[in-house]
1. Given the options W23, Q40, T53, identify the residue whose Cα lies farthest towards the positive end of the charge dipole of the chain (+1 on Cβ of Lys, Arg; -1 on Cβ of Asp, Glu).
2. Please work out, to two decimal places, the log10 of the ratio I(q)/I(0) at q = 0.18 Å⁻¹ from a Debye calculation in which every Cα of region 22-72 carries one identical scatterer.
3. Hey, what did the chain get for relative contact order, percent, Cα under 8 Å, at least 6 apart?
4. Please report, as a whole percent, how much of the solvent-accessible surface of the chain comes from carbon and sulfur atoms (probe radius 1.4 Å).
5. Multiply the residue gap between V60 and E24 by 0.36 nm, knock off their C-alpha separation, and tell me the result in nm, one decimal place.
6. Could you order H44, H98 so the one with the most accessible surface comes first? Probe is 1.4 Å.
7. How far, in nm, would the chain grow between A37 and L6 when pulled straight, counting 0.36 nm per residue and subtracting the alpha carbon separation?
8. Using modelled backbone amide H atoms (1.01 Å from N, in-plane), which distant-in-sequence or interchain residues come within less than 5 Å of A37's amide H?
Amino acid sequence: MDIENLLSEKQFSPDQPVKKDLWESANFTVALICLKAGLQIPPHPEPLSAFFTVLEGRGVFTSGSESVELGPGGAISISSNDLRGIKSLEDLVVLGVHDPH
């Protein structure tokens, strides 16, 4: 068993979101996604189902035609092929789990 301090893996770029795959299996992938305040991942369709939970900061998450603001401990699940996006209101650290590639 590997135990990690997820926040020790966070890394920010001033210009773009940073996604770091932490673990991949045949069934799912776990990634850490970091966005400096004001950055965004514009809404886009993805063929993968995903679950996101906020570890630090606040952001607006888009799922389909709806958006919700989430802070630490907040979570959202998004079905495959639904539009998804993230806009950071503060420096934002998100843990994402999605279907395999």
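1. Comparing the listed Cα positions along the dipole, Q40 ranks first.
2. Summing over Cα pairs of region 22-72 leads to -0.72.
3. Numbers: 258 pairs, mean separation 33.9, N = 101.
Value for the chain: 34 percent.
4. Details: 2980 of 5860 Å².
Within the chain, the accessible surface is 51 percent carbon and sulfur.
5. Details: separation 36, 0.36 × 36 = 12.96 nm, distance 2.62 nm.
Contour length minus Cα-Cα distance gives 10.3 nm.
6. Working: H44 55, H98 25 Å².
From most accessible down to least: H44, H98.
7. Numbers: separation 31, 0.36 × 31 = 11.16 nm, distance 1.95 nm.
My answer for the length gained is 9.2 nm.
8. D91, L92
The values are calculated or read from the model by the stated rules, or taken from the named source; none is laboratory data. If you're wondering where the values come from, they're calculated on a predicted model, not measured in any experiment. Glycine also receives a Cβ, built like all others from the backbone with ideal geometry; neighbour counts cover every protein chain displayed. These area figures cover heavy atoms from the full protein model, side chains too; ligands, DNA and RNA do not enter into them. Shrake-Rupley method; radii C 1.70, N 1.55, O 1.52, S 1.80 Å.
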